């Protein structure tokens, strides 16, 4: 017997499934994998992803596949994060720091200077940030972050 | 949102990209912001922050002023 869920509940169910996949596999699930995981048609997944994208936490590629499920990036970036034997990418330094914050785990972020690529490895251990001194620069004022999230 | 070695490297990047200087925060502020934003993200009851909640989170970290306002 199937239980009918409201779109909000189903979206939350999909959201949790996506995060579980990222955490376990170190990469984004494809739309086909999401549909299989939830035993649902792809069109239902696509519609839910469109709704989740309205929160800005999820961003889709032109193909409809995930580009970002914040703080995880679905595509390789200059912000790799590893924790134990698992690794992910953040879309920016904020998201890279967000991965250990969300997982509440120690992690290493292999970042580098945005200007000269000088290595700037950051460590999060027992809830504390260790590593070199540095400055985070956000080029776009907060009210315009989502005008062009890729640039931001 | 990029990480830089120093203020000078921020200025150099802005010149290279012909961009005005934006907002800056220390790494410690960045870590606090990451925790504010993402600590509850795996909760099944998570919902996006309202504008007021987001601006309050910025203010708790010391990120105040027009640059950090989400409306207006």
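Only residues that are more than 7 Å from every other protein chain (Cβ to nearest Cβ) and either touching a helix residue (DSSP H, G or I) at 6+ places or on another chain (Cβ under 9 Å) or surrounded by fewer than 24 Cβ atoms within 10 Å (Cβ to Cβ) (or both) were counted across region A:84-114, and they come to 20.
Beta carbons closer than 9 Å, at least 6 apart along the sequence or on distinct chains, pair a first residue in region B:60-72 that is within 7 Å of chain A (Cβ to nearest Cβ) with a second that is at pLDDT below 90 and part of a loop (DSSP other than H, G, I, E, B) for B:67/A:141; B:68/A:141; B:69/A:141; B:70/A:145.
Confirm whether residue B:3 is touching a strand residue (DSSP E or B) at 6+ places or on another chain (Cβ under 7 Å), modelled with pLDDT of 95 or more and either farther than 17 Å from residue A:55 by Cα or at the interface with chain A (Cβ under 8 Å from one of its Cβ atoms) (or both). Yes.
In summary, residue A:118 fulfils each of the numbered conditions (1) over 15 Å from residue A:77 (Cβ atoms); (2) in contact with a strand residue (DSSP E or B) (Cβ under 8 Å, 6 or more places away or on another chain); (3) more than 7 Å from chain B (Cβ to nearest Cβ) with the single exception of condition (3).
You will find that of A:111, A:96, A:87, the residue that is in a strand (DSSP E or B), within 27 Å of residue A:62 (Cα to Cα) and either over 17 Å from the mean Cα position of the chain (by Cα) or modelled with pLDDT of 95 or more (or both) is A:87 and no other.
The values are calculated or read from the model by the stated rules, or taken from the named source; none is laboratory data. If you're wondering where the values come from, they're calculated on a predicted model, not measured in any experiment. Reconstructed Cβ throughout: ideal geometry from the backbone, glycine too, with neighbour counts over all protein chains shown.
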